[in-house]
Amino acid sequence: MAGGTGGGETITMATHESGLPAVHEHAAPQGFIRKWVFSLDHKVIGLQYYFLALAAVFVGMFLSLLMRIHLIWPAATLPLLGDIKPETYLTLVTMHGTIMVFFVLTTAPQGGFGNYFLPIQIGAPDMAFPVLNMLSFWTTFLGFIVMIAAFFVAGGAPLHGWTGYAPLSAVQSAGPGEGLGADLWIISIAIFCLGALMGALNFITTTLDMRAKGMTLMRMPLTCWAWFVTAILGLLAFGVLLSAGILLLMDRNLGTSFFVPLITVNGQLTGHKGGSPLLWQHLFWFFGHPEVYIAILPAMGMCSQLLSVFSRKPIFGYKAMVYAILGIGFLGFMVWGHHMFMSGMSPYTAFAFSIMTMGIGVPSAIKTFNWLGTLWGGRIRFASPMLFAIGFVSLFVSGGISGPFLAQPVLDIQLHDTAFVPAHFHLIMGVASIFGIFAATYYWFPKMFGRMMNESLARWHFFISLIGTYAVFMPMHYAGMAGQPRRYSQFTEVHYLAGLIPLNKFITFAAFVTIAGQLFFVVNLFWSMFKGPKASDNPWEATTLEWTTATPPPHDNFGGKTPVVHNGPYEYNVPGAPRDYVMQNDPEIKTAH
């Protein structure tokens, strides 16, 4: 190990009891490029992922703003953009969904916070494979650039929806944007899958192999459990999507027929036969349903962490929480068919998927009741991270309640492809996950940047975001029940939907306010980085290992001293302890039971 004596031995101790060689050792970087650009340090890579997601979320939000404007003023001519045609609207739908799901909800919670804090929370000096970690970020970044490039090629970005259903996505002549733009879309997702697979391998190896002495699996914070299970889901799901994307590219460019049956486009035979559009749906949703848990599990772990820290109580039912995360991960692979009730599947198959979908509500409910049990009787501190954690629980429950309706084939047939569906998944997976990201940002900002964020700006941000989210997505459920279809670019002239125009105007104005409210966050984030008050090493009086080290953490996280863990992650209000919290590396407190 360059640049230090004795550092190598201490780091090797961190490689668990297995005595594996310390393959992850690397010296502190010297130049700007090695420190901030092609960095091997998991903390810098975490920040790179975070700021990539921050850029992506503003692109995605801008696209949604254009969609909402078009829905209530379909004839409006916008400065710089002109008028939005129906096919342009479908492009906005496609790219908004794709950018948000892949480059925000998958990137920030796992790639950003997971990379930064998983090694520190388990007492490791870095991730298991630092070079692979660097490659996973730059691969993801390349995927984002390719995705954005689809806007600027001949024909523009694709319009086949974020789900890319064949044969619309599989035939080049199927519509505007289905040429080079659709190829770039598929290539971008394939590149993203490669980055996600590299990241997943790294997370799994790090969690299993590099825990500090005394850090048993059942002493890991629930955030680490969530990142670990998310990585397993990613490893199993992204490989399927990558394969499907390669097959789709072959259908489009090499004349194969995996997803394209014998069809005519504009009266012309396509030259394909024998393919199955349903095969694409199965492959896509076999990835797509675990994907929603990849987006939400890190936020669940984050929420568990914060409710315990700010209630000054141990998390209610730690083991049940761990098994619930594992149960969600396991069942998440068995419910993909509920996206396909309208595809003509056998009612017996639909019944099986319906039962499994109801079943996955059980571990989610266990988590919800345990969160409420943690809050019950606690001495709650309503700091901004706690507000967003409580907001997360609220959104998760509200969005979750509409899930069982869609899980019933007999009800889903009515609600399928109406506005009810986007309303449901935006609450439970979209905005709930974003609230997890906000909570994590407010909570860990002092550790990452050594300064505190402004609390009053954070409160403004919270209340505008929470009220605004409900104002946008609650009425959308009612619009769906009234029969408003998804993905239609215009229904202002449709007689049976005329009564919904005021409701849609309300949703659009609520979206304007909610998006404007995010400026509070951006200003707070960048202002606090440079001008915020200096933070102590443990401003929230929390117990996990990241709060035992310096702020910001040194290159190898613990300054050459590997922590030894004696306590669980949520030891608050322990009888006989000198403070109301016991750090994980404090000497064990013997309590008389």
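Checking PHE117, PHE58 one by one, the residue that is open to solvent by 40 Å² or more (accessible area, probe 1.4 Å) and aromatic (Phe, Trp, Tyr) is PHE58 and no other.
Has region 402-412 got any residue that is among the β-branched types (Val, Ile, Thr), more than 26 Å from ILE99 (Cβ to Cβ) and open to solvent by less than 20 Å² (accessible area, probe 1.4 Å)? Break it down into steps so the answer makes sense when it comes.
First pass over region 402-412, keeping only residues among the β-branched types (Val, Ile, Thr): 410.
Those left that are additionally more than 26 Å from ILE99 (Cβ to Cβ): 410.
Narrowing further to those that are open to solvent by less than 20 Å² (accessible area, probe 1.4 Å): none.
No, that holds for no residue.
Would you be able to say whether some residue in region 515-534 is on the phi > 0 side of the Ramachandran plot and either assigned to a helix (DSSP H, G or I) or surrounded by 15 or more Cβ atoms within 10 Å (Cβ to Cβ) (or both)? No, that holds for no residue. No other residue among THR88, THR139 is of a type in the set (S, T, N, Q), in contact with a helix residue (DSSP H, G or I) (Cβ under 6 Å, 6 or more places away or on another chain) and surrounded by fewer than 22 Cβ atoms within 10 Å (Cβ to Cβ) apart from THR139.
Restricting attention to region 418-439, does a residue exist that is in contact (Cβ under 8 Å) with a residue 12 or more places away in the chain, within 17 Å of MET386 (Cβ to Cβ), open to solvent by 30 Å² or more (accessible area, probe 1.4 Å) and in contact with a Phe, Trp or Tyr (Cβ under 7 Å, 6 or more places away or on another chain)?
First pass over region 418-439, keeping only residues in contact (Cβ under 8 Å) with a residue 12 or more places away in the chain: 418-439.
Now restrict to residues that are within 17 Å of MET386 (Cβ to Cβ): 432, 434-439.
Those left that are additionally open to solvent by 30 Å² or more (accessible area, probe 1.4 Å): 434.
Adding the requirement that they be in contact with a Phe, Trp or Tyr (Cβ under 7 Å, 6 or more places away or on another chain) leaves none.
No, because not a single residue in region 418-439 is in contact (Cβ under 8 Å) with a residue 12 or more places away in the chain, within 17 Å of MET386 (Cβ to Cβ), open to solvent by 30 Å² or more (accessible area, probe 1.4 Å) and in contact with a Phe, Trp or Tyr (Cβ under 7 Å, 6 or more places away or on another chain).
Scan region 549-569 and give yes if some residue there is more than 28 Å from ILE380 (Cβ to Cβ), open to solvent by less than 60 Å² (accessible area, probe 1.4 Å) and polar (S, T, N, Q), otherwise no. Within region 549-569 (the criterion being more than 28 Å from ILE380 (Cβ to Cβ), open to solvent by less than 60 Å² (accessible area, probe 1.4 Å) and polar (S, T, N, Q)), the answer is yes, since at least one residue qualifies. Which members of region 346-374 meet the condition of being surrounded by fewer than 19 Cβ atoms within 10 Å (Cβ to Cβ) and touching a Leu at 6+ places or on another chain (Cβ under 8 Å)? Residues satisfying the conditions are MET356, GLY359. The set of residues from region 203-221 being within 18 Å of the chain's Cα centre (by Cα) and buried (at least 24 other Cβ atoms within 10 Å of the Cβ) comprises just one member, PHE203.
Within region 136-173, the residues that satisfy the criterion of being of a type outside the set (Gly, Ala, Ser), over 26 Å from ALA200 (Cβ atoms) and outside any loop (DSSP other than H, G, I, E, B) are PHE151, PHE152, GLN172. Filtering region 229-244 to residues that are open to solvent by 10 Å² or more (accessible area, probe 1.4 Å) and either touching a residue at least 40 places away in the same chain (Cβ under 8 Å) or at positive phi (or both) leaves ILE232, LEU236, GLY239, VAL240, LEU242, SER243.
With touching a Gly at 6+ places or on another chain (Cβ under 9 Å), over 30 Å from ALA535 (Cα atoms) and hydrophobic (A, V, I, L, M, F, W, C) as the only criterion, which of PHE438, PHE425 stands out? Talk me through it step by step, then tell me what you get.
Values: PHE438 fails: over 30 Å from ALA535 (Cα atoms).
Only one candidate qualifies: PHE425.
With respect to (1) assigned to a helix (DSSP H, G or I); (2) without any contact (Cβ under 8 Å) to a residue 60 or more places away in the chain; (3) aliphatic (A, V, I, L, M), the lone exception for MET345 is condition (1). Annotation note: Cβ proximity below 7 Å between a residue of region 168-184 that is farther than 19 Å from PHE152 by Cα and a residue that is open to solvent by less than 10 Å² (accessible area, probe 1.4 Å) and β-branched (Val, Ile, Thr) (sequence gap 6+ or interchain) occurs for ALA170/VAL260; VAL171/VAL260.
Of the residues making up region 292-338, those that are closer than 17 Å to ARG381 by Cβ and in a helix (DSSP H, G or I) are MET302, CYS303, SER304, GLN305, LEU306, LEU307, SER308, VAL309, PHE310, SER311. Can you confirm whether region 572-579 contains a residue that is in a loop (DSSP other than H, G, I, E, B), in contact with a His (Cβ under 7 Å, 6 or more places away or on another chain) and among the polar types (S, T, N, Q)? No, region 572-579 has no match at all. GLY97 passes every criterion in (1) over 16 Å from PHE473 (Cβ atoms); (2) open to solvent by less than 30 Å² (accessible area, probe 1.4 Å) apart from (1). Screening THR256 on (1) of a type in the set (Ser, Thr, Tyr); (2) more than 30 Å from TRP371 (Cβ to Cβ); (3) within 24 Å of the chain's Cα centre (by Cα) shows it passes everything except condition (3).
Taking region 56-84, which residues are without any contact (Cβ under 8 Å) to a residue 40 or more places away in the chain and more than 21 Å from GLY430 (Cβ to Cβ)? Walk me through how you get there before you give the answer.
Kept after step one, since they are without any contact (Cβ under 8 Å) to a residue 40 or more places away in the chain, are these residues of region 56-84: 58, 62-63, 66-67, 73, 75-83.
Of everything in region 56-84, those that are without any contact (Cβ under 8 Å) to a residue 40 or more places away in the chain and more than 21 Å from GLY430 (Cβ to Cβ) turn out to be TRP73, ALA75, ALA76, THR77, LEU78, PRO79, LEU80, LEU81, GLY82, ASP83.
The values are calculated or read from the model by the stated rules, or taken from the named source; none is laboratory data. Everything quoted here is computed from the prediction, not taken from an experiment. Here Cβ is always computed from backbone atoms with ideal geometry, including for glycine, and neighbour counts include all displayed protein chains. We work out accessible area using only protein heavy atoms, side chains counted, and drop any ligands, DNA or RNA first. Shrake-Rupley method; radii C 1.70, N 1.55, O 1.52, S 1.80 Å.
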